[in-house]
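Before any comments, here is the structure.
The values are calculated or read from the model by the stated rules, or taken from the named source; none is laboratory data. Note that the coordinates shown come from a computational prediction; the quantities given were computed from them, not determined experimentally. Cβ coordinates were reconstructed from backbone atoms using ideal geometry, including for glycine residues, and neighbour counts include every protein chain displayed. Just so you know, the surface numbers come from the protein's heavy atoms only, side chains and all, with ligands and any DNA or RNA stripped out. Shrake-Rupley method; radii C 1.70, N 1.55, O 1.52, S 1.80 Å.
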Amino acid sequence: MNKSMIALIAAATMLTACNNDKADENGGKSVQTTDEKQTQTENDQQKQPSQTETQSSTKHENWSSLPEYDTIIEKIGNEDYTFNKETDNDGKRVLLIELNGEKQYKTVFVKNTNRLKIIKINGGGEVYDGILK
């Protein structure tokens, strides 16, 4: 009987000590710390691979490091384009390229073969299809 009573008290103490809810301090409402909110936001962004990331053409530093960037600029010109990442996974990267808020081009870069396809969206068809060096 004593052993079961001690085990019950120990279990109750551990459960109470491990509670991170902070409910008593805030009238029954749980509060997230800034680190928890930032981690949750980062996790939400990682869970949504189709979420569009927008960068203006004046900030092409992020895009210029991509192996296909030079070929894309060579084929479509260096206007004030906005690059939007649609998909970027282990197999391929799909970018949508906009000019003045209108989608102009779609690029598909297959990573394992280094094949790049550039497609003009509004009736232009395929602009480029080749393997990068």
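Assess whether Glu74 counts as being surrounded by fewer than 17 Cβ atoms within 10 Å (Cβ to Cβ), out of contact with any helix residue (DSSP H, G or I) (no Cβ under 8 Å at 6 or more places or on another chain), of a type in the set (D, E, K, R) and part of a strand (DSSP E or B).
For Glu74, the condition - surrounded by fewer than 17 Cβ atoms within 10 Å (Cβ to Cβ), out of contact with any helix residue (DSSP H, G or I) (no Cβ under 8 Å at 6 or more places or on another chain), of a type in the set (D, E, K, R) and part of a strand (DSSP E or B) - is not met.
Looking at (1) over 19 Å from the mean Cα position of the chain (by Cα); (2) free of Cβ contacts under 8 Å to residues at least 24 places away in the same chain, can you tell me which one Asn62 breaks?
(1)
What strands (runs of 3 or more DSSP E), lying completely within the stretch 83-133, carry at least 2 residues that are among the polar types (S, T, N, Q), at negative phi and open to solvent by less than 60 Å² (accessible area, probe 1.4 Å)?
Output list reads 102-110.
Name the pairs whose Cβ atoms lie under 7 Å apart, with the first residue in the stretch 95-110 and without any contact (Cβ under 8 Å) to a residue 24 or more places away in the chain and of a type outside the set (Phe, Trp, Tyr), the second open to solvent by 40 Å² or more (accessible area, probe 1.4 Å) and not in a strand (DSSP E or B), and 6 or more positions between them or separate chains?
Hits for this filter: Leu99/Glu79; Leu99/Asp80; Lys103/Ile121; Lys106/Ile121.
Can you tell which of Thr39, Thr58, Thr16 is exposed (fewer than 15 other Cβ atoms within 10 Å of the Cβ), among the β-branched types (Val, Ile, Thr) and at pLDDT 55 or above?
On inspection, the qualifying residue turns out to be Thr16.
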